[in-house]
Structures are given as structure tokens and as C-alpha cells.
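K.L.:
Handing you this structure, nothing more for now.
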Amino acid sequence: DAKTTQPNSMESNEEEPVHLPCNHSTISGTDYIHWYRQLPSQGPEYVIHGLTSNVNNRMASLAIAEDRKSSTLILHRATLRDAAVYYCILTGGTSYGKLTFGQGTILTVHP
Amino acid sequence: EPEVTQTPSHQVTQMGQEVILRCVPISNHLYFYWYRQILGQKVEFLVSFYNNEISEKSEIFDDQFSVERPDGSNFTLKIRSTKLEDSAMYFCASSERQGHSNEKLFFGSGTQLSVL
């Protein structure tokens, strides 16, 4: 599986935008970039995914570099409820339901 | 919004005992998964299941583990003879389809298994 690299932790203030980076320099042409998050004492939760183009949904935006070797999850206005571990995961090949979680980025949101 | 439901939320058992963890996936989903997370560690894939068969399993999923869809709604994980190292949070997940790299998984809130 192609590997992703994320910062261990990031901090933000409430109502400010947050940019969570992810490097995936060995990504293959057919790998999708997925983001999940895990709130305290909860299961992982799907956030967003994309292949080549930037994506927006009600939770977040995903900006994908032109060479696809990095991506950024953007939370436009952080709330206290967004405090979680954020995972950047590549999916592809033949193991479609097998998500390989790394350590993720612990996001702390200050009031 | 539909959700994956897991029961019980906490399970305490003695080493060597059998446990069954239960999950009710989202009703129109056809693909089911178990993951686990040992305290302080990464979320790890255990097994995927479709059409009453295991699609893929990890090295963790040895002969002590089994999965079953006993009826049209439940999906279970059985550990035959629990070990101390089986203590973890176990997450069930489901997806509408498989075979697509862009498929989304929906996870339950987990069952915390403590083996004493």
C-alpha cells in the first residue's frame, strides 16, 4: 500500500480555518485519497475523498496537488466538535474495503 | 441518518472464554468489515465479508476468529478462546458496494472488549 505522511498534531482556534496536510509521494494513478476522522471514543467517520480534482462537501474541502503527491483537508470554520484524529488514507488496488490507518493528525480546537 | 449499530458497547470476559460481538450494518449495505484498535494504537483491518464469504482477512484474523451473518440484519465477530492481547475496541463497518476504490465505509461506535 502507498504510504501517507501527516503531522502528529495541529492546533486551531474555534471559527478559524484549518488546513491539514498529507504527503503521499508514492501514490499510484488509480489511488483515491480518502480522509476519515475519529472523534474521542467513537469509530472512524468518513469525511471526504477525491482522485484528481478538488472536492467540496458539507463537512470539508479537499485540495489535491497537481502532481497528486500531496493533499490538504480544509475545515473552513473549525468548531470544538471538529477536535479529532484525522486520517489521510489511500485506497486502490484490489483491497477496496481494507483501509490502512496511520497515526493520523490530532487536531486540537481552542475556544 | 442511517448508522451502524454495535452491541454491547462494553464486554468483559475471562481469558479463554468465547465472545460474540454483534453489529447491525446499514440496511441496504452489502459489504461488511471488522476493524480493531488496541488502546493507543492504530485502527487495524481484520476482515471483510460479502455474500456470506470472507473477501479478505488480515494476519490478525487467525483461526480463533470467525464472522457470520446469521440472518438478514446481523453481522457477528466471534473470538473462540480470548487472550489478553485481544483486549481492544472492535469496530464494525459496512459499505454499499465493494470493488470500487472510492467507496465509503460507515463505522459503528465500537465494542470495547476487556479480557481479564
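K.L.:
Taking the Cα centre of the protein assembly as shown as origin, work out the dipole magnitude from +1 charges on Lys and Arg Cβ and -1 charges on Asp and Glu Cβ, in debye rounded to 20.
P.N.:
The dipole magnitude comes to about 40 debye.
K.L.:
Determine, from the Cβ-Cβ distance of B:R80 and A:K3 and an R0 of 35 Å, the FRET efficiency 1/(1 + (r/R0)^6), rounded to the nearest 0.05.
P.N.:
0.55
K.L.:
What number results when the radius of gyration of the stretch B:59-116, computed over Cα atoms, is divided by 2.2 N^0.38 Å?
P.N.:
Dividing the Cα radius of gyration by 2.2 N^0.38 Å gives 1.31.
K.L.:
Mind checking the per residue accessible area of chain A for me, 1.4 Å probe, whole number of Å²?
P.N.:
50
K.L.:
Next up: What is the distance in Å between the Cα centres of the stretch B:20-69 and the stretch A:8-54?
P.N.:
The distance from the Cα centre of the stretch B:20-69 to that of the stretch A:8-54 comes to 23 Å.
K.L.:
Tell me: how much accessible area in total is hidden between A and B, 1.4 Å probe, Å², nearest 100?
P.N.:
1800
K.L.:
While we're on this one: Provide a whole-number value for the mean count of partner chain Cβ atoms within 10 Å of the Cβ atoms in peptide B:54-62.
P.N.:
1
K.L.:
Could I ask something else about it? Can you give me the distance in nm between label points at A:K69 and A:Q42, each placed 7 Å from the Cα along the Cα-to-Cβ direction?
P.N.:
3.5
K.L.:
From the alpha carbon gyration tensor of the protein assembly as shown, can you work out the equivalent ellipsoid semi-axes (sqrt of 5 times each eigenvalue) and give them in Å, largest to smallest?
P.N.:
Taking √(5λ) for each eigenvalue gives 30, 20, 16 Å, largest first.
K.L.:
Scattering from the C-alpha atoms of chain B alone, worked out with Debye: what is log10 I(q)/I(0) at q = 0.15, 0.16, 0.17, 0.20 1/Å?
P.N.:
The Cα Debye sum returns log10 ratios of -0.60, -0.69, -0.78, -1.08.
K.L.:
In chain A, once you exclude exposed GluC sites (Glu not before Pro) (DSSP loop, at most 12 other Cβ within 10 angstrom), what's the longest stretch remaining?
P.N.:
A:16-65
K.L.:
Separate question: At 1.4 Å probe size, with the rest of the protein present, what percent of the exposed accessible area of the protein assembly as shown is carbon and sulfur atoms?
P.N.:
The computed percentage sits at 46.
K.L.:
If you don't mind, another one. Given points 7 Å out from each Cα along the Cα-Cβ axis, report the B:I54 to A:N54 separation in nanometres with one decimal.
P.N.:
It is 4.5 nm.
K.L.:
What is the sum of charges around A:A60, taking Lys and Arg as +1, Asp and Glu as -1, for the other residues whose C-beta is under 11 Å from the C-beta of A:A60?
P.N.:
+2
K.L.:
Within 10 Å of each candidate Cβ there may be at most 11 other Cβ atoms; applying that plus a DSSP loop requirement, which GluC sites (Glu not before Pro) in the stretch B:10-116 survive?
P.N.:
For GluC sites (Glu not before Pro) across the stretch B:10-116 that sit outside H, G, I, E and B with at most 11 neighbouring Cβ atoms in 10 Å, the list reads B:E18, B:E59.
K.L.:
When averaged across all projection directions, what area in nm² does the alpha-carbon convex hull of the stretch A:35-104 cover?
P.N.:
Computed as one quarter of the Cα hull surface, the answer is 5.3 nm².
K.L.:
Give the residue list of trypsin sites (Lys or Arg not before Pro) in the stretch A:1-97 that are DSSP loop and have at most 16 other beta-carbon atoms within 10 angstrom.
P.N.:
A:K3, A:R58, A:K69, A:R77
The values are calculated or read from the model by the stated rules, or taken from the named source; none is laboratory data. Nothing here was measured: the structure is a model prediction, and the numbers come from that model. Cβ: placed from backbone, ideal geometry, glycine included. Neighbour counts: every protein chain shown. Accessible surface is based on the protein model in full, side chains and every heavy atom, while ligands, DNA and RNA are left aside. Shrake-Rupley method; radii C 1.70, N 1.55, O 1.52, S 1.80 Å.
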